[in-house]
Amino acid sequence: DPPAASELHAVRAHVAGVFEGLERPSSDRVVAVGGSATSLRRLVGTELAYESLERSVRILAGAPADEVAARFELDPERVRLLPAGVLIFEALTSVLGHPLMIGKGGLREGIILEQLAP
């Protein structure tokens, strides 16, 4: 704690391999939801661009999780998991060619809204 550069490099390489060959969807807007996305809103705002994700990696790797958690009012356990989520979002922005927007709701809210739609 915090993650070492070698750990970040290994995760980044693994994630790149997972997304290798992924076809770019036709949509120009992608919404990120879930705990990592919600937590990142406090670090970088509502848009997950490659540059802001890189900045968040530097923040998360630059101090112990407890310090980052206190600074951004996040749960320390979430901060410990967040670097992996950031690297996944980073790879997605690279594959998609545009930033991700952070949704205000989550998967459950989306399912409920879909069920309520006419």
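Since every read-out is calculated from the coordinates, none of them should be taken as a lab result. None of these values were measured; they are calculated from a predicted model. All Cβ positions, even for glycine, are placed from backbone atoms using ideal geometry, and neighbour counts span all protein chains on display.
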- Tell me the label-point distance for the pair LEU81, GLU51, using the 7 Å Cα-to-Cβ offset, in nm and rounded to one decimal. 3.1
- Roughly speaking, what % of Cα-Cα pairs in the stretch 5-116 are separated by over 24 Å, rounded to a whole number? 26
- Task: Hand me the trypsin sites (Lys or Arg not before Pro) from the stretch 10-118 located in a DSSP loop with no more than 12 other Cβ atoms within 10 Å, in residue order please.
- Result: ARG29, LYS104
- Note on the structure: From the Cα centre of the stretch 12-81 to that of the stretch 88-118, the distance in Å is 14
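Would you compute, from DSSP H runs of 4+ residues alone, the mean residue ellipticity of the chain at 222 nm, taking -39500 (n - 2.57) per run and dividing by the full residue count, rounded to the nearest 500?
Counting only the DSSP helices, I get -20500 deg cm²/dmol.
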- Within the set of other residues whose C-beta is less than 12 Å from the C-beta of ALA5, count the net charge using Lys and Arg as +1 and Asp and Glu as -1. +1
- Relative to the first principal axis of the alpha-carbon coordinates of the chain, what is the inclination of helix 76-96, with its axis defined by its Cα atoms, in degrees from 0 to 90 and to the nearest 10? 60
- About the Cα centre, charge dipole magnitude for the chain (Lys/Arg +1, Asp/Glu -1 at Cβ), debye: 180
- Cα lying deepest toward the dipole's positive end in the stretch 5-116, options GLY105, ALA91, SER56, charges on Cβ: GLY105
- Item | Surrounding net charge for SER39, when Lys and Arg each add one and Asp and Glu each subtract one, Cβ distance under 9 Å | +2
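Order these by the 10 Å Cβ neighbour count, fewest first: THR93, THR38.
Ascending number of Cβ neighbours within 10 Å: THR38, THR93.
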- Message: On a full-extension model of 0.36 nm per residue, what is the gain between ALA10 and ALA61, subtracting their alpha-carbon distance, rounded to one decimal in nm?
- Response: 17.0 nm
- Note on the structure: Going residue by residue through the stretch 28-45, the Karplus relation 6.51 cos²θ - 1.76 cosθ + 1.60 with θ = phi - 60° gives ³J(HN,Hα) values, rounded to whole Hz and with x marking Gly or Pro, of 9, 9, 10, 10, 9, 10, x, x, 5, 4, 4, 5, 5, 3, 6, 8, 10, x
- Message: Could you tell me the calculated FRET efficiency between LEU113 and GLU20, based on Cβ-Cβ distance and R0 = 25 angstrom, to the nearest 0.05?
- Response: 0.15
- Query: Pairing the Cα long axis of helix 5-19 with the longest principal axis of the chain, what angle in degrees results, from 0 to 90 and rounded to the nearest 10?
  - Reply: 20
- Query: Which residue, VAL57, VAL44, VAL18, tops the fluctuation ranking in a GNM of the chain built on C-alpha contacts under 10 Å?
  - Reply: VAL18
